[in-house]
Amino acid sequence: MAVRPILTVADAAPVLKQKSLPVEKVDDELRALMDDMLDTMYAAPGIGLAAIQVGVPRRVIVMDISREEGAREPRYFVNPEILWASEETAPYEEGCLSIPEVYDEVERPARVRLRYLNYDGVEIEEDAEGLYAVCIQHEMDHLEGVLFIDHLSRLKRERAVKAVKKAAKAA
Ligand code: K1U
Ligand code: ZN
């Protein structure tokens, strides 16, 4: 398992804007990618990560939204689909490991029903709400090449990218 570099809008915006392709088979090679993604997410630290953020354009997400120290609850999503989204929406102050140090409020459906393959390739259908619903929608946006700042005004988006580029230049 390995921690891989996370691409940011400062160094790899065109990569992050690309649409990810479906996974054909959940095999050991894919599980090795998911293991690396989880290590990378924990090291960042973050609560979610899409494969495109480590430069792999495949429809794969890892997540751990558990709040207790030491009790890890990793989740793996291969080829996730949203089957239903509530009309009710909820705001959440989002961040993104590809847009470091930028946080802003995004309004998304409060609840969604999901279908995906898990780490073992088993098909799962379940409902998500709260932080789970926020995080899976944020990560599924990554699979479409959409960043959370794309939900903000043009002014806020341009400011965010400028700030990340400035910080990267200074580092
Ligand atoms: O997609 C990503 O870049 C990961 C992102 C996920 C996310 C956060 C908040 C709302 C929606 C999606 C992050 O993990 S940003 C870092 C973060 O939220 C965090 C880091 C450490 C502890 C707790 C949260
Ligand atoms: Zn993100």
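Rule-based calculations on the coordinates, nothing more; no lab input. Since the structure is predicted, the reported quantities are computational estimates derived from the model, not experimental observations. Methodologically, a virtual Cβ is constructed for each residue, glycine included, from the backbone with ideal geometry; neighbour enumeration extends over all protein chains shown.
Hey, could you check segment 64-80 for residues that are acidic (Asp, Glu) and under 24 Å from Ala51 (Cα atoms) and say which is surrounded by the fewest Cβ atoms within 10 Å (Cβ to Cβ)? Only one residue tops the list, namely Glu73.
Every condition in (1) touching a Leu at 6+ places or on another chain (Cβ under 9 Å); (2) among the polar types (S, T, N, Q); (3) loosely packed, with under 15 Cβ neighbours inside 10 Å is met by Asn118 except one, and the failing one is (1). Of the residues making up segment 137-151, those that are in a helix (DSSP H, G or I) and near ligand 2 (Cβ under 10 Å from one of its atoms) are His138, Glu139, Asp141, His142, Phe148, Ile149. Glu94 meets all of the listed conditions (1) within 13 Å of ligand 1 (Cβ to nearest atom); (2) in contact with a Ser or Thr (Cβ under 9 Å, 6 or more places away or on another chain) but one, namely (2).
Of all residues in segment 91-122, how many are in a loop (DSSP other than H, G, I, E, B), more than 16 Å from ligand 2 (Cβ to nearest atom) and of a type in the set (A, V, I, L, M)? Qualifying residue count for the region: 2. Of all residues in segment 97-114, those satisfying the criterion of being in contact with a Ser or Thr (Cβ under 9 Å, 6 or more places away or on another chain), of a type in the set (A, V, I, L, M, F, W, C) and near ligand 1 (Cβ under 9 Å from one of its atoms) are Leu97, Ile99.
Exactly one residue out of Leu147, Leu131, Leu143 is within 16 Å of ligand 1 (Cβ to nearest atom) and touching a Lys or Arg at 6+ places or on another chain (Cβ under 7 Å), and it is Leu143. Tell me the residue from Val78, Val122, Val146 that is out of contact with any Phe, Trp or Tyr (no Cβ under 9 Å at 6 or more places or on another chain) and closer than 17 Å to Val23 by Cβ, please. None of the others qualify; the one that does is Val122. The one condition from (1) more than 14 Å from Ala50 (Cα to Cα); (2) touching a residue at least 40 places away in the same chain (Cβ under 8 Å); (3) surrounded by 14 or more Cβ atoms within 10 Å (Cβ to Cβ) that Leu83 does not meet is (3). Whether a residue is acidic (Asp, Glu) and within 15 Å of ligand 2 (Cβ to nearest atom) was assessed, and Asp64 passes this test.
Inside segment 67-90, can you point out the residues that are small (Gly, Ala, Ser) and either on the phi > 0 side of the Ramachandran plot or within 13 Å of ligand 2 (Cβ to nearest atom) (or both)? Hit for segment 67-90 is Gly70, nothing else.
Tell me yes or no: at least one residue of segment 21-37 is charged (D, E, K, R), in a loop (DSSP other than H, G, I, E, B) and within 16 Å of ligand 2 (Cβ to nearest atom). For segment 21-37, residues charged (D, E, K, R), in a loop (DSSP other than H, G, I, E, B) and within 16 Å of ligand 2 (Cβ to nearest atom): absent. Exactly one residue out of Pro57, Pro74, Pro80 is closer than 30 Å to Lys165 by Cβ and not polar (S, T, N, Q), and it is Pro57.
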